[in-house]
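See below for the structure under consideration.
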Ligand code: SAH
Ligand code: MG
């Protein structure tokens with residue numbers, strides 16, 4: 001069977017107007033929000049998992065955190081963004097959607113902020129979607145904040161196709177990022193404390209269940 005991407009995309013239901021506006025904004029301003037099919041898949045997995053607390057690394061303009069909050073109507077989300085302008089935009093969108101009670105935006109570099117800003121909170125799910133090539137650092141810093149049985153989701157393992165090229169065809173300045181992403185994937189797939197599967201949907205997602 002051969003189903004085209006366009007056919008599949010047409011089957012995805014339209015989002016509410018604020019999300020359509022954010023998708024348009026992201027497209028025009030080259031903000032790498034989650035691809036539609038990857039987003040739908042993540043939301044479906046989250047519906048199965050039913051986390052009540054989620055930590056997101058990489059808010060951008062708030063698209064994925066708001067989509068998660070709309071899908072999981074009881075969940076609260078903490079999301080971290082280092083780009084002040086993007087974080088400001090995210091806060092505006094979040095208020096417009098009246099989600100400010102359930103989504104907390106922390107402005108700062110996730111690798112530098114003191115983890116005390118998270119309080120003594122633990123999370124049922126962690127979504128890693130920040131700087132590509134640094135996922136191992138994010139994972140090691142934030143995994144202690146995950147409940148046993150919790151799930152860590154990581155986006156962009158395919159790096160827009162870069163990940164699948166022979167290294168000689170990857171632009172030099174991107175090789176370290178690609179290598180890091182590959183090493184992270186290998187490390188995590190072999191990690192004794194996590195049961196991990198790779199989903200080649202959207203830009204490639206890893207789903208790791210903490211044992
Ligand atoms: N999750 C968003 C997209 C995030 S794009 C969505 O799907 O809607 C990645 C974002 O991560 C960018 O906005 C970038 O500024 C941010 N980022 C990258 N490295 C970071 C870090 N170390 N700490 C916090 N944010 C970071
Ligand atoms: Mg992403």
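Top mean-square fluctuation among 157, 11, 188, Gaussian network model of the chain, C-alpha springs under 10 Å?
So, out of 157, 11, 188, the one fluctuating most is 11.
Suppose we keep just the DSSP beta bridges with both residues in the chain; what percent of those would be antiparallel, to 5?
Among the beta bridges of the chain, antiparallel pairing accounts for roughly 35 percent.
Set the Förster distance to 25 Å, then compute FRET efficiency between residue 143 and residue 50 from the Cβ-Cβ distance, nearest 0.05.
My answer for the efficiency is 0.75.
Taking the beta-carbon count within 10 Å as an exposure proxy, list 22, 189, 167, 177 from fewest neighbours to most.
Least crowded to most crowded, the residues run 167, 189, 177, 22.
Which of rounded, prolate, oblate describes segment 85-128, given a ≥ b ≥ c as roots of the alpha-carbon gyration tensor eigenvalues and a/c under 1.5 marking rounded, otherwise prolate only if a/b is larger than b/c?
Because a/c hits 1.5 or more and a/b fails to exceed b/c, segment 85-128 counts as oblate.
Of 41, 115, how do they rank once you tally other Cβ atoms within 10 Å and put the fewest first?
115, 41
Could you tell me the convex hull volume per residue, in Å³, taken over the Cα atoms of segment 1-148?
137 Å³
Find how many whole Å separate the alpha carbon centroid of segment 180-211 from the alpha carbon centroid of segment 1-79.
First find each Cα centre; the distance between them is then 20 Å.
Arranged by the count of other C-beta atoms within 10 angstrom, fewest first, what order do 172, 82 take?
172, 82
Each value in this text was obtained by applying a stated rule to the coordinates, not by laboratory testing. Since this is a predicted model, take the numbers as computed values, not measurements. Virtual Cβ from ideal backbone geometry, glycine too; neighbours counted across all protein chains shown.
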